[in-house]
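Below is one structure; the comments refer to it alone.
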Amino acid sequence: MAIAIKAIPTLYDEDAVRFREAIEQTDREFDARPRRDITKDARYIMMKNILRKARI
């Protein structure tokens with residue numbers, strides 16, 4: 001019993017350009033966001049506490 005192999009969809013023309021512009025816009029937005037200090041995050045603090053207690 002064989003499984004059919006489906007073709008990988010490929011974008012052309014305006015669709016490819018629109019997709020590429022969306023990728024570049026996302027990259028610009030990601031680069032422009034402010035950096036956060038993860039050591040101030042509550043989940044990070046909780047994780048550090050759990051690891052510290054586990055080393056007993």
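Just the accessible area per residue of the chain, please: how many Å² with a 1.4 Å probe? Walk me through the numbers on the way to the answer.
Numbers: 6160 Å² over 56 residues.
For the chain, the solvent-accessible area averages 110 Å² per residue.
Over its Cα atoms, what ratio of radius of gyration to 2.2 N^0.38 Å does the chain give?
Values: Rg = 22.4 Å, N = 56, 2.2 N^0.38 = 10.2 Å.
Its radius of gyration relative to the 2.2 N^0.38 Å reference: 2.21.
Could you pull out every one of the lysines with an alpha carbon less than 20 Å from that of LYS40, ignoring same-chain neighbours closer than 8 positions?
Result set, ordered by chain and number: LYS48, LYS53.
Give me the distance in nm between label points sitting 7 Å out from Cα along the Cα-to-Cβ direction at GLU24 and ARG55, one decimal.
It is 4.8 nm.
Helix 13-32 against the longest principal axis of the chain: what's the angle in degrees, Cα atoms only, rounded to the nearest 10?
Compared with the principal axis, the helix lies near 20 degrees.
Calculate what fraction, in whole %, of the accessible area of the chain sits on carbon and sulfur atoms when a 1.4 Å probe is rolled over the protein chains.
Working: 3670 of 6160 Å².
Taking all protein chains in place, the chain shows 60 percent carbon and sulfur surface.
The values are calculated or read from the model by the stated rules, or taken from the named source; none is laboratory data. Only a predicted model underlies this, so the values are computations on that prediction, with no experimental measurement involved. Virtual Cβ from ideal backbone geometry, glycine too; neighbours counted across all protein chains shown. All accessible areas refer to the heavy atoms of the entire protein, side chains included, with ligands and DNA or RNA removed. Shrake-Rupley method; radii C 1.70, N 1.55, O 1.52, S 1.80 Å.
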